[in-house]
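> Right, I'll just put the structure down here and ask away after.
The values are calculated or read from the model by the stated rules, or taken from the named source; none is laboratory data. The structure displayed is predicted, hence computed values, not measured ones. Here the Cβ positions follow ideal geometry from the backbone for every residue, glycine too, while neighbour counts run over all protein chains shown. Each accessible area value is taken on the protein alone, full model and side chains, heavy atoms only, with ligands, DNA and RNA left out. Shrake-Rupley method; radii C 1.70, N 1.55, O 1.52, S 1.80 Å.
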Amino acid sequence: MDELEQAKKAAGYKATAFIKDGMVVGLGSGTTAAFFIEKLSEKINQGLKVDVVSSSAGSKKLAEHFGLQVLDINEVSSIDVTVDGADEIDQNKNMIKGAGAAHVREKILASSSHEMIVIVDETKLVAKLGQRPLPVEILPYGHLFTQKKIEKLGFEGSWRKENSQLHITDNENYLFDIKLPSHEIKKFHEMLIDIPGVIDTGFFTNLAGRVIVGYKDGSSTVR
Ligand code: 5RP
């Protein structure tokens, strides 16, 4: 395991310390969340009693691979905590998510939970958001018109592709990754979600509770 994976593992494993019997737990998506799911599954298989719901087909599949029964989000009446990664996080716990294409469901899950615990390796800490593109999920119907409206506002971006085909999210939508012209992300997010056909962006604000940072030496801190 390389140093970066060690850092992700430290954050993901540490988050399991906050999961207690009786909780309903939201499973995030991505490589850091995968370490959380791995360790949580181990604890559940050893007797920890929690219910889990997932934020993506990928995290559901992984949890099932470890023997967990994953509930549909509409089968639970409340969610205690969601544990999820991020692509960038600033000092005010604003985030960019969605490199793994799951940000729409992740935001629904996080905003429906009493707490979102964020798990990141140290490379995700940034002074200002916007080093990476902002993922925007877009309805396929009329997506080229939606693109024109986005570009008319002055944004540049590209359609996310997989094997040269448009990437299709779990919600059967497309993703347009936008290169932000400056760091005014909140304003840009609000402009973008006003456009018909835009489902949501990967900008997360006022959602993160505790943030667990994993370091390459295998240590972690909780903020
Ligand atoms: C998926 C996400 C992930 O949480 C984010 O991309 C972080 O992934 P990783 O832990 O693999 O770096 O937002 O939509």
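> With r defined as the distance between the Cβ atoms of LYS149 and ASN206 and R0 fixed at 22 Å, what FRET efficiency is calculated, to the nearest 0.05?
Result of the calculation: an efficiency of 0.25.
> Among the chymotrypsin sites (Phe, Trp or Tyr not before Pro) within the stretch 123-223, which fall in a DSSP loop and have no more than 16 other Cβ atoms within 10 Å of their own Cβ? All intermediate terms of the calculation are to be shown ahead of the outcome.
Details: sites: TYR141, PHE145, PHE155, TRP159, TYR174, PHE176, PHE188, PHE203, PHE204, TYR215; in loops: TYR141, PHE155, TYR215.
Hits after loop and neighbour filter: TYR141, TYR215.
> Another question, then. Share of the chain's accessible area from carbon and sulfur, percent, 1.4 Å? Mind showing how you got there, number by number?
Working: 5350 of 11010 Å².
The computed percentage sits at 49.
> If you don't mind, there's one more thing I want to ask. Positive end of the charge dipole of the chain (Lys, Arg +1 and Asp, Glu -1 on Cβ, about the Cα centre): tell me which of LEU109, SER59, THR123 has its Cα farthest that way.
Sorting the options by dipole projection puts first THR123.
> If you don't mind, there's one more thing I want to ask. If you build the Cα gyration tensor of the chain and take the root of 5 times each eigenvalue, what three semi-axes come out, in whole angstrom, biggest first? Present the calculation step by step, with values, prior to reporting the outcome.
On the way: eigenvalues 176, 77, 47 Å².
Over the Cα atoms of the chain, the semi-axes work out to 30, 20, 15 Å.
> If you build the convex hull over the alpha carbons only and average its shadow over all orientations, what do you get for the stretch 86-199? Give it in nm² to one decimal. Could you put the intermediate results ahead of the total?
On the way: hull surface 30.4 nm².
That works out to 7.6 nm².
> Counting heavy atoms of the protein chains only and a 1.4 Å probe, report the per residue accessible area for the stretch 105-213 as a whole number of Å².
Here the per-residue accessible area is 53 Å².
> So if R0 is 30 Å, what FRET efficiency would LEU4 and SER164 give, r being the distance between their Cβ atoms, rounded to the nearest 0.05?
Numbers: r = 28 Å, r/R0 = 0.94.
After rounding to 0.05, the efficiency reads 0.60.
> I've got another one for you. A 32 angstrom limit on the alpha carbon distance is what I want to check against. Which of LYS39/LYS97; LYS124/LYS161; LYS128/LYS216; LYS39/LYS187; LYS49/LYS107 exceed it? Please list the in-between numbers first.
Working: LYS39/LYS97 22 Å; LYS124/LYS161 24 Å; LYS128/LYS216 22 Å; LYS39/LYS187 38 Å; LYS49/LYS107 25 Å.
Exceeds cut-off: LYS39/LYS187.
> Mind listing which trypsin sites (Lys or Arg not before Pro) in the stretch 8-58 are in a DSSP loop and have 16 or fewer other Cβ atoms within 10 Å?
Details: sites: LYS8, LYS9, LYS14, LYS20, LYS39, LYS43, LYS49; in loops: LYS20, LYS49.
Those that pass, being in a loop and sparsely packed, are LYS20, LYS49.
> Could I ask something else about it? Rounding to the nearest 20 debye, state how big the charge dipole of the stretch 1-103 is about its Cα centre with +1 on each Lys and Arg Cβ and -1 on each Asp and Glu Cβ. Write out the running numbers ahead of the final one.
On the way: 11 positive and 15 negative charges, 39 e Å.
So the dipole magnitude of the stretch 1-103 works out to roughly 180 debye.
> Any idea of the accessible area per residue across the stretch 51-103, 1.4 Å probe, to the nearest Å²?
Normalised by residue count, the accessible surface of the stretch 51-103 is 45 Å².
> Something else about it: To the nearest 20 debye, what is the magnitude of the charge dipole of the chain about its Cα centre, counting +1 on the Cβ of each Lys and Arg and -1 on the Cβ of each Asp and Glu?
Values: 27 positive and 31 negative charges, 72 e Å.
For the chain, the charge dipole is close to 340 debye.
> Suppose R0 equals 30 Å. What FRET efficiency, 1/(1 + (r/R0)^6) with r the Cβ-Cβ distance, do HIS114 and GLU184 give to the nearest 0.05? Numbers along the way, then the final one.
Details: r = 30 Å, r/R0 = 1.01.
E(calc), rounded to 0.05, equals 0.50.
> Quick one: how many Å² of SER59 are accessible to a 1.4 Å probe, rounded to 10?
The value for SER59 is about 10 Å².
> Here's another thing I want to ask about it. State the answer as a single residue: which of GLN46, PRO140, LEU153 lies farthest towards the positive end of the charge dipole of the chain, with beta carbon charges of +1 for Lys and Arg and -1 for Asp and Glu, about the Cα centre.
Looking along the dipole axis, the top candidate is LEU153.
> Using the heavy atoms of the protein chains alone and a 1.4 angstrom probe, what is the accessible area of the stretch 1-43 per residue in square angstrom? Working shown, then result.
On the way: 1720 Å² over 43 residues.
Normalised by residue count, the accessible surface of the stretch 1-43 is 40 Å².
> Now for a different question. Suppose we keep just the alpha-carbon trace of the stretch 102-142; what are its Rg and Dmax in angstrom?
Final numbers for Rg and Dmax: 13.5, 39 Å.
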